[in-house]
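K.L.:
First, the structure itself, so that you have it in front of you.
The values are calculated or read from the model by the stated rules, or taken from the named source; none is laboratory data. Computed from a predicted model, the values in this text were never measured in an experiment. Don't worry about glycine lacking a Cβ; one is built from the backbone with ideal geometry, like all the others, and counts go over all protein chains shown.
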Amino acid sequence: MSAPIIDVRNIEKYFYTPEELKALNRVSCTVDPGEVVVIIGPSGSGKSTFLRCLNRLEYADAGEIIIDGVNILDPKCNINAIRAEVGMVFQSFNLFPHKTVLENLTMAQMTVRGRSKKEAEDKAMVLLKKVGIADKFAAKPDQLSGGQQQRVAIARSLAMNPKIMLFDEPTSALDPEMVGEVLDVMKTLAREGMTMVVVTHEMGFAREVADRVLFMDKGEILEQGPPSHFFTNPVHERTKEFLSQIL
Amino acid sequence: MSSYTGLDGPKSKHYYRIWGATFLFGLCLAMGLLYYATIQVEYTWRWNRVPQYFFYENTVEIRTNIEGEISNIQKTSGQATVTIQGNGEEESHIIPVQNLLLGQGDYVYPGDTLGTYKHWKIGILIEGLLLTLEVSCLAIIFGILIGLFTGLARIADNPILRWSAIVYIEIIRGSPLLVQIFLWYFVVGTVINTMLAQYGLSQVPPLWFGVMALAIFTGAYTAEIVRAGIQSVHRGQMEAARSLGMNYAQAMRKVILPQALRRILPPLAGQFISLVKDSSLLGVISIRELTKATREVVTSSLQPFEIWIVCAILYLLLTFTLSMFVQYLERKAI
């Protein structure tokens with residue numbers, strides 16, 4: 001058994017809005033290389049916050065987060081180098097609207113990885129072909145549909161050759177008929193052995209692709225296990241209640 | 001009328017005709033009343049006196065420098081080359097043939113007029129306009145640089161950057177521009193020029209104190225515009241850029257600022273139009289920009305109505321051009 005690529009130990013996160021809110025309460029979890037972990041839970045359960053802590057978009061207030069052997073909560077760590085290895089896909093795509101699709105994919109490759117323009121564009125075209133929108137390389141993001149934008153966003157993260165991919169509700173802002181095309185890309189990635197942590201409400205995806213499902217509520221991981229077990233024999237009362245609401 | 005986008009239902013064709021005509025009528029009425037009023041106070045309009053303050057024909061007298069005899073006049077195609085042979089020295093001048101006053105063999109003393117020629121020169125109003133243009137351009141360039149830097153400092157984490165920016169912005173926005181111009185000229189200017197004089201260096205002309213006063217004044221407002229522009233870019237853009245591994249400076253330069261600058265062009269245009277107009281205050285520190293030039297012309301011509309109207313039109317010309325230029329940039333940026 002190889003060492004976990006993500007090792008989270010007892011992290012806590014508080015929000016002050018302005019009254020104190022404990023978003024994460026001593027959460028611990030590990031993810032092995034090549035594992036696909038799906039996090040589900042009701043809104044406000046802290047699942048997005050947990051995901052955003054993994055590449056320090058939110059700075060956890062206590063605990064340790066060790067990504068590929070580096071504690072990212074250590075102020076002296078080079079967070080930019082870590083983030084280059086951890087791709088992130090957002091609910092709202094967050095493509096750069098002033099750049100073309102191709103430039104969206106090449107920008108970080110050139111500035112962070114120091115690749116030449118030619119190299120970066122070749123890599124970008126390969127990935128655009130992979131996600132099925134190579135013909136739109138010259139378009140601006142707002143000329144694309146939601147599903148196409150999200151696939152560009154996935155390709156943009158993949159262009160950095162990340163070791164881990166984080167997905168923050170990648171299909172929640174999409175029209176129902178576009179959800180499938182994005183999930184297909186994610187399934188392909190999972191099959192290829194990418195380490196993925198996915199926050200989603202797509203139970204079908206979780207059941208089909210996940211190696212492990214985490215259920216979070218009120219800032220804590222209440223239950224986890226392989227999908228076969230998780231969806232058929234939940235142990236915790238809250239899990240049962242949640243599953244009965246959505247299934 | 002399917003292209004109608006208002007919320008109150010389409011208007012009839014007559015609606016636009018009637019109100020358009022009313023607008024034109026109102027405009028003519030205002031001008032007519034103004035003219036009538038000037039007749040009542042017995043003002044004599046003399047628009048023909050205005051052009052000389054734009055361009056005028058200057059007569060230059062050509063005088064001798066040495067004592068001697070005109071030894072030779074060589075005429076070629078309207079120009080005459082006059083050679084004066086003095087005691088062991090010689091000089092020659094070129095004069096238009098028809099303006100030649102002396103002939104061959106005449107004896108001249110230093111300072112005698114050999115002849116005259118005429119040439120066109122730009123008038124005081126154009127000089128003032130050009131100076132206003134120069135001061136405004138310099139102040140806009142410095143203003144953008146100061147504003148960009150201060151705007152970024154204003155939202156920085158570092159307390160010295162942020163507090164310095166806040167103190168600068170509050171002080172500059174909280175005091176009148178005229179007072180600031182006096183401070184730059186009479187306090188900063190005196191100190192700097194006195195020190196330069198002590199070290200035997202040449203003085204800084206008032207123009208630069210004027211430019212600095214305007215640039216620093218505009219920079220404070222520009223900084224707030226830049227800050228608002230940066231903060232108007234969705235948070236997710238910064239998160240996306242940083243999650244790809246870019247550092248703060250790279251994300252700011254490549255992702256945030258290009259989007260922010262596009263949005264702040266309209267308020268920036270307003271700010272720079274203000275700056276062009278505010279440059280009219282610089283007359284108080286003896287910079288002869290357009291307004292000061294106009295005041296001098298009014299004093300000598302005694303035609304205040306025409307000259308001040310012309311002055312206003314010249315400012316309009318500058319600000320309108322600037323406004324068009326920024327609109328062009330805006331269209332290009334989209």
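K.L.:
Determine, yes or no, whether A:L166 is within 14 Å of chain B (Cβ to nearest Cβ) and either touching a residue at least 60 places away in the same chain (Cβ under 8 Å) or buried (at least 19 other Cβ atoms within 10 Å of the Cβ) (or both).
P.N.:
yes
K.L.:
Residues in the range B:241-259: is at least one of a type outside the set (V, I, T), surrounded by fewer than 17 Cβ atoms within 10 Å (Cβ to Cβ) and within 30 Å of B:E42 (Cβ to Cβ)?
P.N.:
Within the range B:241-259, none of the residues are of a type outside the set (V, I, T), surrounded by fewer than 17 Cβ atoms within 10 Å (Cβ to Cβ) and within 30 Å of B:E42 (Cβ to Cβ).
K.L.:
State whether one or more residues within the range A:34-41 are small (G, A, S) and on the phi > 0 side of the Ramachandran plot.
P.N.:
Yes - at least one qualifying residue is present in the range A:34-41.
K.L.:
Still on this structure: Looking at the structure I just gave you, is B:Y315 of a type in the set (S, T, Y), without any contact (Cβ under 8 Å) to a residue 12 or more places away in the chain and in a helix (DSSP H, G or I)?
P.N.:
No.
K.L.:
Can you list the strands (runs of 3 or more DSSP E) found entirely within the range A:25-126 that contain at least 3 residues being surrounded by fewer than 16 Cβ atoms within 10 Å (Cβ to Cβ), in contact with a helix residue (DSSP H, G or I) (Cβ under 8 Å, 6 or more places away or on another chain) and among the small types (G, A, S)?
P.N.:
Correct list: empty, since no element meets the threshold.
K.L.:
Something else about it: Could you please tell me which pairs satisfy a Cβ distance under 9 Å, a separation of 6+ or placement on different chains, a first residue in the range B:9-38 that is closer than 18 Å to B:F305 by Cα, and a second residue that is surrounded by 10 or more Cβ atoms within 10 Å (Cβ to Cβ)?
P.N.:
From the range B:9-38, the pairs are B:Y35/B:W45; B:A37/B:Y43; B:T38/B:W45; B:T38/B:F305.
K.L.:
Let me spell it out: the conditions are (1) without any contact (Cβ under 8 Å) to a residue 24 or more places away in the chain; (2) surrounded by 18 or more Cβ atoms within 10 Å (Cβ to Cβ), and A:I11 meets all of them except one. Which number is the exception?
P.N.:
All conditions are met except number (1).
K.L.:
With touching a strand residue (DSSP E or B) at 6+ places or on another chain (Cβ under 8 Å), of a type in the set (S, T, N, Q) and free of Cβ contacts under 8 Å to residues at least 60 places away in the same chain as the only criterion, which of B:T83, B:T76, B:T44 stands out?
P.N.:
When all the criteria are applied, what remains is B:T83.
Table: residues versus (1) assigned to a helix (DSSP H, G or I); (2) at pLDDT below 90; (3) surrounded by fewer than 17 Cβ atoms within 10 Å (Cβ to Cβ).
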| residue | (1), (2), (3) |
| --- | --- |
| A:G193 | no, no, yes |
| A:M196 | no, no, no |
| A:F215 | no, no, no |
| A:L222 | no, no, no |
| A:H229 | yes, yes, yes |
| A:K240 | yes, no, yes |
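K.L.:
Does the range A:78-90 include one or more residues that are within 13 Å of chain B (Cβ to nearest Cβ), over 19 Å from the mean Cα position of the chain (by Cα) and free of Cβ contacts under 8 Å to residues at least 40 places away in the same chain?
P.N.:
Yes, there is a match, as at least one residue in the range A:78-90 is within 13 Å of chain B (Cβ to nearest Cβ), over 19 Å from the mean Cα position of the chain (by Cα) and free of Cβ contacts under 8 Å to residues at least 40 places away in the same chain.
K.L.:
Could you pull out the residue among B:W163, B:W184 that is of a type outside the set (D, E), within 24 Å of B:A228 (Cβ to Cβ) and part of a helix (DSSP H, G or I)?
P.N.:
Just a single option satisfies the conditions, and that option is B:W163.
K.L.:
Just for the range B:190-211: of the residues that are in contact (Cβ under 8 Å) with a residue 40 or more places away in the chain and either of a type in the set (D, E, K, R) or in contact with a helix residue (DSSP H, G or I) (Cβ under 6 Å, 6 or more places away or on another chain) (or both), which one is surrounded by the most Cβ atoms within 10 Å (Cβ to Cβ)?
P.N.:
Selected residue: B:G210.
K.L.:
Taking interchain pairs and intrachain pairs at least six residues apart, which have beta carbon atoms under 9 angstrom, with the first residue in the range A:141-155 and among the basic types (K, R) and the second in a helix (DSSP H, G or I)?
P.N.:
Final answer for the pair search is A:R151/A:L128; A:R151/A:E181; A:R151/A:V182; A:R151/A:V185.
K.L.:
Inspect all residues belonging to the range B:44-55 and state whether any of them is out of contact with any Leu (no Cβ under 7 Å at 6 or more places or on another chain) and part of a strand (DSSP E or B).
P.N.:
Looking for residues that are out of contact with any Leu (no Cβ under 7 Å at 6 or more places or on another chain) and part of a strand (DSSP E or B), one finds at least one in the range B:44-55, hence yes.
K.L.:
If you don't mind, there's one more thing I want to ask. Filter the range B:260-291 down to the residues that are in contact with an Asp or Glu (Cβ under 7 Å, 6 or more places away or on another chain), hydrophobic (A, V, I, L, M, F, W, C) and either crowded, with 20+ Cβ neighbours inside 10 Å or modelled with pLDDT of 95 or more (or both) and list them by number.
P.N.:
Selection gives B:L282 alone.
K.L.:
Being within 14 Å of chain A (Cβ to nearest Cβ) and either part of a helix (DSSP H, G or I) or at positive phi (or both) narrows it down to one of B:G236, B:G219, B:G189, so name that one.
P.N.:
Of B:G236, B:G219, B:G189, the one residue that is within 14 Å of chain A (Cβ to nearest Cβ) and either part of a helix (DSSP H, G or I) or at positive phi (or both) is B:G236.
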